[in-house]
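Quick notes on the structure that follows.
Here, each number is a calculation from the coordinates, and none is a lab measurement. Worth saying up front: this structure is predicted, and the values here are computed from it rather than measured. Every residue, glycine as well, gets a Cβ built from its backbone with ideal geometry; the counts of neighbours run over all protein chains shown.
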Amino acid sequence: MRKVSVLGATGSIGESTFDLLKDADVAVVALTGGRNVARLAAQARALRAEVAVIADEALLPDLRAALTGTGTEAAAGTQAVIEAASRPADWVMSAIVGAAGLAPGMAALATGATLALANKESLVTAGPLILSHAAQHQARILPVDSEHSAIFQALAHEDLSTVTRILLTASGGGLRDWPLERLARATLQDACTHPNWAMGQRITIDSASMFNKALEVIEAREFFGVTPDQIEVVIHPQSIIHSAVEFQDGAIMAHMGTPDMRHAIGYALNWPHRAALPVKRLDFATLGGLTFAAPDLTRYPALRLAREVMAAGGLAGAVFNAAKESALDHFIAGTLGFLQMADLVQATLTALSRESDFHQSPKGLAQVLAMDHLARKTAHQIAAEWGRA
Ligand code: NAD
Ligand code: MG
């Protein structure tokens with residue numbers, strides 16, 4: 001029987017994965033969560049997991065108690081998450097949020113497992129490193145971000161050299177129609193709503209600021225090996241076209257469906273087959289209109305920053321992601337305004353572009369994590385200075 005593990009099982013992607021696994025013919029090796037012991041234990045029980053790991057070490061006694069009598073081993077801590085990811089499995093879902101997903105994903109790849117990659121931050125932070133690591137261990141990476149799954153599906157059996165453009169669709173997030181001056185005053189609650197997708201809090205805010213799309217542009221460049229100018233972001237408020245690829249003959253292949261992450265997760269789970277999935281079907285007759293618009297870069301500075309990061313190369317992606325995570329922490333804590341997030345990322349990139357490492361291709365995980373750490377510290381210092389000013 002196929003062995004599978006889920007990293008970040010208690011999150012939004014993790015729950016959608018759980019939903020597909022509960023009816024699948026698989027043996028579950030490891031499930032990991034951040035803090036939600038009750039949910040992790042319930043999933044482990046339902047899937048008869050070998051091991052359940054909670055990232056917060058202090059919660060080990062609670063997890064042990066919750067797993068009593070189940071036969072599932074309990075473990076806790078960051079290192080235990082990495083160890084769980086290293087247990088032999090055929091397929092591993094990487095759905096931890098943020099750069100915290102990088103090391104566990106690398107550990108899974110080192111076993112030769114197929115990595116279903118929802119954690120886009122891994123490719124943004126250390127794209128070339130992850131891809132060479134996967135190649136070295138003959139491990140496959142399958143994209144789970146809906147856009148990248150759509151592109152991957154549109155590219156099946158195609159010759160990459162015939163691709164002229166990748167059209168990355170963006171809903172525009174929950175604040176798409178707000179006037180710019182009102183955006184500056186957007187609260188946490190305002191930014192936490194999404195018109196089409198139900199997702200984790202962090203990615204929902206990133207959708208409103210378009211930092212999510214900025215990460216995805218870099219993710220697409222890394223994963224598909226296209227040049228930055230081949231990637232075009234298109235606002236498509238209905239989220240029906242999940243992304244598209246244009247070929248040199250002018251043909252465009254688009255992936256369409258209801259906005260449900262189980263499309264992309266299910267495709268990665270069953271690849272190279274297409275299995276039946278419990279997703280709602282599209283009804284063209286009642287769909288109404290599909291609309292498109294070019295994004296306004298003054299409104300979404302994150303998209304401009306993504307271009308600068310791709311031009312800089314080296315460890316710029318690691319700085320970009322870490323500064324973005326720090327800016328998001330500050331926004332959630334109420335110490336930074338919505339539009340100031342991009343200002344903070346810009347200021348951090350400028351400050352760290354003077355570091356000699358910034359322009360180097362990452363040689364190993366330690367170097368990436370050191371840059372990630374430095375970028376968070378720098379961003380935090382800049383935000384603190386702004387707070388005092
Ligand atoms: P989420 O916040 O709902 O869940 C994140 C998971 O990671 C949870 O299980 C959480 O407990 C765990 N976690 C958080 N911090 C951790 C840490 N430091 N160490 C170990 N575990 C930790 O997030 P999500 O929306 O499910 O997103 C997960 C990833 O998938 C992100 O990289 C996101 O960008 C990507 N993604 C999500 C969606 C979506 O629809 N939610 C779509 C595309 C891509
Ligand atoms: Mg996406």
Quiz item: How big is the shadow of the Cα convex hull of segment 148-258, averaged over all directions, in nm²?
Solution: 7.4
Quiz prompt | Cα-centre dipole for segment 2-143 with unit charges at Cβ (Lys and Arg positive, Asp and Glu negative), debye to 20 | solution = 140
Quiz item: Antiparallel as a % of all DSSP beta bridges within the chain, to the nearest 5?
Solution: 25
Exercise. Have a look at P301, H157, P272 and report the one farthest towards the positive end of the charge dipole of the chain, computed about the Cα centre with Cβ charges (Lys/Arg +1, Asp/Glu -1).
Key: P272
Quiz item: On full extension of the chain, what length is gained from T164 through D190, given 0.36 nm per residue of separation minus the C-alpha to C-alpha distance?
Solution: 5.6 nm
Quiz item: Just how large is the dipole of the chain about the Cα centre, in debye to the nearest 20, putting +1 at every Lys and Arg Cβ and -1 at every Asp and Glu Cβ?
Solution: 480
Exercise. Would you mind checking the pairs K3/K324; K120/K363; K22/K213; K22/K324; K3/K363 and listing those with alpha carbons more than 27 angstrom apart?
Key: K3/K324; K22/K213; K22/K324; K3/K363
Practice problem: Select from I203, S5, L167 the residue farthest towards the positive end of the dipole of the chain; place +1 on Cβ of Lys and Arg, -1 on Cβ of Asp and Glu, and compute about the Cα centre. | Solution: S5
Exercise. Report the semi-axes of the equivalent ellipsoid for the chain in whole Å, largest first, where each axis is √(5λ) for an eigenvalue λ of the Cα gyration tensor.
Key: 30, 26, 22
Practice problem: Mind putting a number on the dipole of segment 169-256 about its Cα centre? Charges go on the C-beta only, +1 for Lys and Arg and -1 for Asp and Glu, and I need it in Debye to the nearest 20. | Solution: 380
Quiz item: For segment 304-389, which trypsin sites (Lys or Arg not before Pro) are both in a DSSP coil and crowded by at most 16 other Cβ atoms within 10 Å?
Solution: R354, K363
